[in-house]
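*Asks:* Sharing a structure here in structure tokens format.
The values are calculated or read from the model by the stated rules, or taken from the named source; none is laboratory data. For clarity, every value in this text was computed on a predicted model and none was experimentally measured. Here the Cβ is made from the backbone with ideal geometry for all residues, glycine too, and neighbour counts use every protein chain on show.
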Amino acid sequence: MRTVLMLGALHICISCNALFAQTTQKIGFIDSQVIIEALPEAQDAKRKLELLSNEWQAEIKKKRENLERLFQDYRTREILYTEEIKKQKQSELLAAEREISEYQNQKFGVNGEYFRRQSELMRPIQDRIFASLKEVATAEGYDFVFDRASDTLLLYANEEHNLTKKVLERVSGTFRRGSSNSQFGR
């Protein structure tokens, strides 16, 4: 009986301790999209990516128009072609179509140049945002910080715990100090 009482008391102590530990955790959130939109360096990176994308899209459009011309030419002259020439022209059309698909995949595919370039341009910015977030969270004693802009579902947030402005101020300061040393000017 005494053992049961001791175990019961121990269980209550552990439960109370766990409950107390949970109530002392501090949780905050940021909106990384707001921070990125406010940083000139990030906007510059977005413009560079947009220029590349537009350039590649124009090239794809040009290739598609050329394919369409080849196809129309084939359709117009199809009745004049021998079977051997028809097969050759069809093969040329398929090769042109394949080339367009490969080019598009090379530029915009999962491991394409666009995503490599995006990572190259945005990684330093994201690293600075994270470093600033960590500084703010550590300085103010936050245990967890969520990003409102990410896929993590944040159903309710008290604006009192919104760290976006503080992180933006901190990261803007690091960009001003670091911009003279950084390679963003290229």
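*Asks:* If you check Lys107 against the conditions, is it part of a helix (DSSP H, G or I), among the charged types (D, E, K, R) and over 30 Å from Lys62 (Cα atoms)? Steps first, answer last, please.
*Replies:* On the way: part of a helix (DSSP H, G or I): yes; among the charged types (D, E, K, R): yes; over 30 Å from Lys62 (Cα atoms): no.
Taking the combined requirement at face value, the residue does not satisfy it.
*Asks:* Among the residues of the stretch 42-62, is there at least one that is under 33 Å from the mean Cα position of the chain (by Cα) and not in a helix (DSSP H, G or I)?
*Replies:* Our first condition is that a residue be under 33 Å from the mean Cα position of the chain (by Cα); within the stretch 42-62, this holds for 42-62.
When the remaining residues are screened for being not in a helix (DSSP H, G or I), the result is none.
Checked against the condition, which is being under 33 Å from the mean Cα position of the chain (by Cα) and not in a helix (DSSP H, G or I), the stretch 42-62 yields no hits at all.
*Asks:* Here are Ser53, Ser91, Ser32: which of them is small (Gly, Ala, Ser) and loosely packed, with under 12 Cβ neighbours inside 10 Å? So that I can check it myself, show each step before the final result.
*Replies:* Numbers: Ser53 fails: loosely packed, with under 12 Cβ neighbours inside 10 Å; Ser32 fails: loosely packed, with under 12 Cβ neighbours inside 10 Å.
Residue meeting the stated conditions: Ser91.
Per-residue answers, yes or no, for (1) at pLDDT 90 or above; (2) within 20 Å of Pro124 (Cβ to Cβ):
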| position | (1), (2) |
| --- | --- |
| Phe20 | no, no |
| Leu51 | yes, yes |
| Glu68 | yes, no |
| Ile79 | yes, no |
| Glu92 | yes, no |
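*Asks:* Of the numbered conditions (1) of a type outside the set (Phe, Trp, Tyr); (2) part of a helix (DSSP H, G or I); (3) at pLDDT below 90, Glu84 satisfies every one except a single condition; which is it?
*Replies:* It fails just one condition, (3).
*Asks:* So which of Asp151, Asp73, Asp143, Asp147 is surrounded by 15 or more Cβ atoms within 10 Å (Cβ to Cβ) and acidic (Asp, Glu)? Spell out the reasoning first.
*Replies:* Values: Asp151 fails: surrounded by 15 or more Cβ atoms within 10 Å (Cβ to Cβ); Asp73 fails: surrounded by 15 or more Cβ atoms within 10 Å (Cβ to Cβ); Asp143 fails: surrounded by 15 or more Cβ atoms within 10 Å (Cβ to Cβ).
Asp147 is the lone residue from the list that is surrounded by 15 or more Cβ atoms within 10 Å (Cβ to Cβ) and acidic (Asp, Glu).
Residues are listed down the side, and each one gets a yes or a no for (1) of a type in the set (Phe, Trp, Tyr); (2) crowded, with 17+ Cβ neighbours inside 10 Å; (3) on the phi < 0 side of the Ramachandran plot; (4) touching a residue at least 40 places away in the same chain (Cβ under 8 Å):
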site: Gly109; (1), (2), (3), (4): no, no, yes, no
site: Tyr114; (1), (2), (3), (4): yes, no, yes, yes
site: Arg123; (1), (2), (3), (4): no, no, yes, no
site: Ile129; (1), (2), (3), (4): no, yes, yes, yes
